[in-house]
1. Collect the residues in segment 273-324 that are part of a helix (DSSP H, G or I) and more than 25 Å from the chain's Cα centre (by Cα), keeping them in residue-number order.
2. Scan segment 182-199 for residues that are over 20 Å from residue 108 (Cα atoms), part of a loop (DSSP other than H, G, I, E, B) and not β-branched (Val, Ile, Thr) and report the count.
3. Go through segment 432-477 and give me each residue that's more than 22 Å from residue 314 (Cβ to Cβ) and within 27 Å of the chain's Cα centre (by Cα).
4. Out of the residues in segment 237-279 that are of a type in the set (A, V, I, L, M) and in contact with a His (Cβ under 9 Å, 6 or more places away or on another chain), which is most open to solvent (accessible area, probe 1.4 Å)?
5. Would you point out the residue of segment 346-373, among those that are farther than 17 Å from residue 104 by Cα and open to solvent by 70 Å² or more (accessible area, probe 1.4 Å), that is modelled with the lowest pLDDT?
6. Quick one: residue 176 ticks every box in (1) open to solvent by 10 Å² or more (accessible area, probe 1.4 Å); (2) touching a residue at least 24 places away in the same chain (Cβ under 8 Å); (3) more than 22 Å from residue 409 (Cβ to Cβ); (4) of a type in the set (Val, Ile, Thr) bar one, so which box is it?
7. Among the residues of segment 8-54, which ones are modelled with pLDDT of 80 or more and part of a loop (DSSP other than H, G, I, E, B)?
8. Just checking, which of 127, 141 is without any contact (Cβ under 8 Å) to a residue 12 or more places away in the chain, in contact with a Ser or Thr (Cβ under 9 Å, 6 or more places away or on another chain) and open to solvent by 40 Å² or more (accessible area, probe 1.4 Å)?
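The values are calculated or read from the model by the stated rules, or taken from the named source; none is laboratory data. Predicted model, so just to flag it, every value in this text is computed and none were measured. Here Cβ is always computed from backbone atoms with ideal geometry, including for glycine, and neighbour counts include all displayed protein chains. SASA here: full protein model, heavy atoms, side chains in, ligands and nucleic acids out. Shrake-Rupley method; radii C 1.70, N 1.55, O 1.52, S 1.80 Å.
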Amino acid sequence: MSATSDKRVVINKRLKCLPREALEKLSQTELIDKVVQLEAYNFQLRNLLQKKLTEQDKNDEEYSVLFEKDAEEKISKETKISSKMQKQRKFDWSSAHRRHVLLKITYFGWDYQGFACQEDSNDTIESNLFRALSRTCLIESRASSNYHRCGRTDKEVSAFCQVISIDLRSKHPPETQLNPDALLSEIDYCGLLNRVLPKNIQCVAWMPLRSPVYSARFDCISRSYRYYFPKGDLDISAMQEACNLLVRHADFRNFCKMDVHNGVTKYIRNLQSARVQACEERLPNTGYDMYYLEIQANAFLWHQIRCIMAVLLLVGQGKEKPSVISDLLDVDCNPCKPQYTPAIGLPLNLFRCDFRDKTTRSVNHPAGGDANEEAMDTATEETEGSDASDHQEDRDLTNWIYNEENLQKLIENTQCEWTQFSVKSTMIKNVLEQLESLLEENFKPKEKVLAQVILLQDSVKPRQYQPLLERKRCESLENRIEHFVKKQRLIVKNETTTGD
């Protein structure tokens with residue numbers, strides 16, 4: 001990126017809400033223009049919400065005020081609710097103690113619109129999580145909760161080990177919170193949350209932290225994802241050969257969806273390992289054996305694993321050579337990404353997160369996260385680890401706290417999920433066996449039908465395959481940066497300039 005090598009490209013943080021002092025300096029005409037602009041934005045947002053929200057969402061208290069349907073009925077209903085609310089005693093946060101913790105969350109994302117809260121959808125993991133945290137009075141508000149997430153998974157993506165850092169209500173004052181007795185008698189955070197969370201979003205464990213600024217996002221040193229897939233007609237050894245070429249510190253702009261408009265202009269990531277592994281031992285030469293791709297890195301770009309998987313599938317099908325990985329990572333020869341569709345998100349799982357023992361953030365660091373977080377969070381490079389002789393007290397991390405009853409209940413819920421999908425899978429497999437046997441008996445085909453992988457590729461199958469390096473290219477990174485600088489979405493600063 002020669003044009004910007006000595007400069008830093010950052011998002012232009014124009015204030016959406018001007019402070020009172022700035023508003024007082026505006027003329028009457030400027031104020032009227034601002035009011036008209038805000039009303040137009042609210043009108044657009046209300047129309048968007050009406051299209052996207054379900055009936056259940058529209059009945060939620062936070063959204064119902066936006067819709068004027070059955071106004072009289074709503075007014076009487078609101079009157080009843082307000083009188084009920086007055087009778088209920090409001091929680092007194094002024095006398096409440098708080099402690100900084102990590103929460104380990106597991107969820108199946110195929111019924112949700114992604115992890116992060118969205119303006120136009122109430123059906124996200126994070127929305128459900130914060131509703132539960134507020135309902136159980138574990139936090140006063142999201143803004144005051146010192147919240148960070150480890151990863152931001154997309155629509156349909158699941159997680160066994162999503163980790164968040166947050167300040168929760170505590171029974172004990174800060175000076176005694178790490179005492180063994182205080183930990184034993186602390187609020188059962190997981191049990192309390194799991195009673196109000198959906199069964200496919202559950203809290204597995206919590207960990208008390210010694211530092212109030214420890215961040216699940218910035219202090220995570222590696223994230224591991226698994227992408228599950230059937231063998232089908234794939235050459236697993238060729239895919240593993242391609243995986244070996246991925247393990248490097250390199251520019252992965254050709255293996256992601258560029259998020260330049262959100263200020264992401266650096267695409268170098270440290271991919272620490274990549275391997276294809278069989279899920280379990282099964283009979284050889286069957287297309288129904290299940291495998292997974294496991295990738296570990298310091299951080300990931302938007303759709304990076306899905307793009308990598310799309311290319312690996314082409315390698316496994318024999319349409320590309322494993323060396324195409326090296327070609328795409330050579331951004332001097334291939335600065336523009338070939339046009340191809342990422343693999344679908346449903347088989348992807350955030351499987352493991354590793355954290356540094358001691359935070360690299362200062363105590364006076366702002367509590368809130370960056371408003372312009374990427375779809376797949378980026379993190380600072382891993383720093384040198386603590387000396388082995390360091391005392392336990394020097395670590396910010398402690399130990400995960402599990403509860404036997406909560407784990408048993410979680411296993412029970414997950415076994416019910418397994419039963420439902422395993423029954424469906426077995427029924428479908430039996431139908432397939434019958435159909436394959438009919439084909440063999442009646443037509444004696446030269447080759448078996450092995451189309452298990454087609455669904456994952458999420459694209460129209462062309463009559464004639466066009467190699468990746470011969471395809472039409474996407475716009476270059478430099479051109480995208482220039483476009484958004486002209487639009488005043490991004491600004492270019494000298495590298496020596498400080499301050500966000």
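1. If the condition is that a residue be part of a helix (DSSP H, G or I) and more than 25 Å from the chain's Cα centre (by Cα), then 314, 315, 316, 324 are the ones that fit.
2. Qualifying residue count for the region: 3.
3. 475, 476, 477 - these are the residues of segment 432-477 that are more than 22 Å from residue 314 (Cβ to Cβ) and within 27 Å of the chain's Cα centre (by Cα).
4. In the first step, residues of segment 237-279 are kept if they are of a type in the set (A, V, I, L, M); the result is 238-239, 242, 245-247, 250, 258, 260, 264, 268, 271, 274, 276, 278.
Remaining after also requiring in contact with a His (Cβ under 9 Å, 6 or more places away or on another chain): 260, 268, 271.
On the way: 260: 2, 268: 87, 271: 2 Å².
Filtering first and then ranking leaves 268.
5. 371
6. Residue 176 satisfies all of (1) open to solvent by 10 Å² or more (accessible area, probe 1.4 Å); (2) touching a residue at least 24 places away in the same chain (Cβ under 8 Å); (3) more than 22 Å from residue 409 (Cβ to Cβ); (4) of a type in the set (Val, Ile, Thr) except (2).
7. 26, 27
8. After applying the criteria, what remains is 141.
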